[in-house]
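Here's the structure we're looking at; comments come further down.
The values are calculated or read from the model by the stated rules, or taken from the named source; none is laboratory data. Note that the structure is predicted; figures quoted are calculated from it, not measured. Positions of Cβ are generated from backbone atoms using ideal geometry, with glycine treated the same way; all protein chains shown enter the neighbour counts. Each accessible area value is taken on the protein alone, full model and side chains, heavy atoms only, with ligands, DNA and RNA left out. Shrake-Rupley method; radii C 1.70, N 1.55, O 1.52, S 1.80 Å.
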Amino acid sequence: KDKILLEKGLTSTYDHLFHLREALKKNGFSSVIIVSSPYHMLRVSKVSQKILSGYRFSLAPVENSIFFGNRSSVKVRHIRAILHEYLALLYYAYKGYI
């Protein structure tokens with residue numbers, strides 16, 4: 001329990017992972033488990049590979065997500081979330097974050 005760090009007030013994946021790296025350094029941690037939404041894992045993985053190089057990290061998709069549950073129907077929010085992620089990947093590539 002004392003090794004769980006919660007982040008608040010950050011607005012981007014890049015910012016979260018940048019501050020995570022600083023927290024790892026500050027607390028002397030060498031590994032981390034990153035929890036996020038399943039559809040967000042690709043971007044988290046790509047940014048983590050760059051920002052967290054030298055640290056061990058694992059990715060854990062949160063089970064209580066819009067992508068779990070009734071998988072027989074695709075909803076507008078699923079499509080919107082996926083489109084957002086792919087546009088964000090393009091933007092992150094353009095900015096040099098991945």
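A few remarks follow.
- Lysine pair count for the chain with Cα-Cα distance under 29 Å and sequence separation of 8 or more or different chains is 23.
- Max mean-square fluctuation residue, GNM over the chain, Cα-Cα springs under 10 Å, options SER48, SER37, SER58: SER58
- Expressed as a whole percent, the accessible surface of segment 3-57 that belongs to carbon and sulfur atoms is 53, based on a 1.4 Å probe.
- At least 18 Å along the helix axis (C-alpha) and Kyte average at least -0.5, DSSP helices within the chain: 76-95
- Surface accessible to a 1.4 Å probe, ASP2 within the full protein complex, Å²: 130
- With contributions of -39500 (n - 2.57) from each DSSP H run of at least four residues, the per-residue ellipticity at 222 nm computed over the chain stands at -15500 deg cm²/dmol.
- Rolling a 1.4 Å probe over the heavy atoms of the protein chains gives the chain an accessible area of 73 Å² per residue.
- Local net charge near LYS95, Cβ-Cβ under 14 Å (Lys/Arg +1, Asp/Glu -1): +2
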